[in-house]
Every structure is written in structure tokens, then in C-alpha cells.
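Below: the structure, in C-alpha cells.
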Amino acid sequence: MNDIDDFQLDLGSTSEIGMAVVLAVMMFAVALSLKPSSFAFFRTEPRVYLSGVLSQIIGLPILTLALCFLLSPHPSVALGMILISCCPGGNTSNLIALFGRANTALSVSLTATSSVFAAFLTPLSILFWSGLYPPTRELLTQIDIDVVSFLIQTLVILALPLLMGMTVRHLAPKVADVLQTPLAVISGLALLAIILIASLRLYPVFLALGLGLFGLVILHNFCAFTLGNLAARIVKADQASRRALTIEVGIQNSGLGIVILLTQLNGLGGAAAVAGLWGVWHLIGGGLLAFMWRWKDARSAN
């Protein structure tokens, strides 16, 4: 393999349509769960809440851009890093927050907020932040991405189901309660399957890039966790809230990133490899953090 982008992740047009449907169902399920209580922290603890929101939406892309300028990764690898940083928090962050004795209510609130913002901002964010780094800006020009089509298609996949779900929640809350859990479980498992299948297909790229890519993904994820923790400390959040912000900024919806890569960005090998590895590693990193916190709590109790 002379160039990592000689490999393009391609699961077939039928699979790509299926993935778009899965993603739409996931956004619909997220919207079904949105209640006024989902955003209660905006009123009760605005500093902590806003620090988490801003860290996810603005802080992580800026941090990622700084890493790209500092480390100069392959352009498609840099695109994958920027793409992941523009995705919303993953739903698994709530489970990790629960296990790590973090502020689970805050975690749920931040996940809901980032998902709502992502439905409208993710495609714009990807184009904006990628345009600020010359190699990724040139790469997007080379693959001849249709900006208008990219924005419209991504908004249809993300924003339309979100608006539909919010409408159902408002007009028929009992129906929303019945549908939300099974749809969330089904779409979550489907996205996990997408990550695993993509990772298996990307095995040749992992071999070509070697340990360097693993190290880059681990460093990127570590910096994301650190950013969330620092943001919480700046606003003097309590320990449980610090843990929640740490997890929320470090756990990203890599399944969404893979779907966008496949349906909109030609499945570029380097970018897809980053998204696939991130999808596996951030769960390991988040789990290790949760175990460390529980161990620390146990020592304090003793």
C-alpha cells in the first residue's frame, strides 16, 4: 500500500443507505428522550453546564487543530481527527459516568445538548475546522466534495429525525416513552456493529500505519479527557461534575463519524482508520478512568 488513501472503506451502497437510516433512527430516539429536565442544568448550574457545552463544541475542535499543527499527521488522518472532534458526545458516556460515580444527570444533559447542536452544527463544523488546516482544506478540494449537497444530506440525516422526534415528544409523550428505549437500544447496537465491521475492514490500514496511529488516537483522546477535566476545574465544579465533564468531552460518537465518512467523504482510509480506532479506544480509556475513580473512592473510604 503506497498511500493509506489507496484504501477506501466501502461497504456497498445498500449498506451505506442502511447506515444512514440507522443514524436517523438514533437521532429520532435521542429526540424522543428530550424533556425540559434534560436541560435543567442550564438553570441550576449554568457555569458547569456551559463549560461542558463549550468544551465539546468549540474547545475540542480547537485542541484538535492545535494537535494537527503540532504533529503534522497525514492529511486524511488529520481529517479523521477533526471529524471526530466535531461529533457529539456518545450515549455510552452516560453509562461510563454512572459506573465512575460521576454526575450522571449532568452527563445525560450534556449528551442531549450536544446531540441537538450536532444535528445542525456537525456538517458546518467539519467544513469550518477542516478549512482552517491547510492539508485538510486541500484534501477536501481534491476529493471534490459538493459542499451544498454535503450540508443538505447531513442535515436531512441528523436534523430532520431530531425535529420529528421532538414533535412526537411534545404531541404524544406516552408514545415517545414507549418508542424511545427500544429504538435507542436497536440503533445503538447497530452503530456498534458498524464500528466493529469498519474496524475489521480497516485492518490493512492499521497494519500500514503501525503503532503511530494507535499512539495518535490515544494522545488525542487523552487530551480530550484532560480538556473536559480542566474546563470543570476552571468553573470550580464539584468532583462528581468534574468526572462527568471529563467523560463527556472524551467520549465522542465515532459511529456518526464513520457514517459521515462513508456516505459523504468517500471513506478515506486514514480518516476512517482514526474513526474506527477512536470508537474502540475511547471506551477503553473511559472505562479505565471509571475504574481509577472507583479505586480512588474505595481507598478514600478505607
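We did not get these values from a lab; they are worked out from the coordinates using the rules stated. Fair warning: this is a prediction, and the values are worked out from it, not measured in the lab. Don't worry about glycine lacking a Cβ; one is built from the backbone with ideal geometry, like all the others, and counts go over all protein chains shown.
Maximal additional length on extending the Leu230-Arg43 stretch stands at 65.1 nm, based on 0.36 nm per residue less the C-alpha distance.
Restricting to DSSP H runs of at least four residues, report the calculated mean residue ellipticity at 222 nm for the chain, -39500 (n - 2.57) per run over all residues, nearest 500 deg cm²/dmol. Before the final figure, lay out each step's value.
Numbers: 15 runs with 242 residues, N = 302.
So the calculated ellipticity at 222 nm is -26500 deg cm²/dmol.
Counting other Cβ atoms within 10 Å as a rough exposure proxy, the listed residues Trp281, Trp295, Trp129 run Trp295, Trp281, Trp129 from fewest neighbours to most.
If the chain linking Ile143 and Asp177 were pulled fully straight, counting 0.36 nm for each residue of separation and taking away their Cα-Cα distance, it would gain 8.0 nm. Distances between placed amide hydrogens fall under 5 Å for Gln252 paired with Gly90, all partners being 5 or more residues away or on another chain.
Apply the a/c threshold of 1.5 to the C-alpha gyration tensor of the chain and tell me whether it is rounded, prolate or oblate. Before the final figure, lay out the partial values.
Working: a/c = 1.63, a/b = 1.20, b/c = 1.36.
Note, shape of the chain comes out oblate.
Note on Lys174, Lys296: ascending count of other Cβ atoms within 10 Å places them as Lys174, Lys296, the fewest first.
Here the Gaussian network model covers the chain, with springs between Cα atoms less than 10 Å apart; of Leu179, Leu196, Leu213, Leu179 fluctuates the most.
Applying the Karplus relation 6.51 cos²θ - 1.76 cosθ + 1.60 with θ = phi - 60° to the stretch 103-117 yields 3J(HN,Hα) values of 6, 5, 4, 5, 4, 4, 4, 5, 4, 4, 5, 5, 5, 5, 4 Hz, where x marks Gly and Pro. Computed from backbone phi with θ = phi - 60° and the Karplus coefficients 6.51, -1.76 and 1.60, the 3J(HN,Hα) list for the stretch 79-94 is 4, x, 5, 5, 4, 4, 5, 8, 7, x, x, x, 5, 5, 4, 5 Hz; x is used for glycine and proline. Taking other C-beta atoms within 10 angstrom as a stand-in for reagent exposure, Ile82, Ile284 fall in the order Ile284, Ile82, fewest first. Straight-distance candidates among the lysines for linking to Lys35, with alpha-carbon spacing under 19 Å and chain neighbours fewer than 8 residues away dropped: Lys174.
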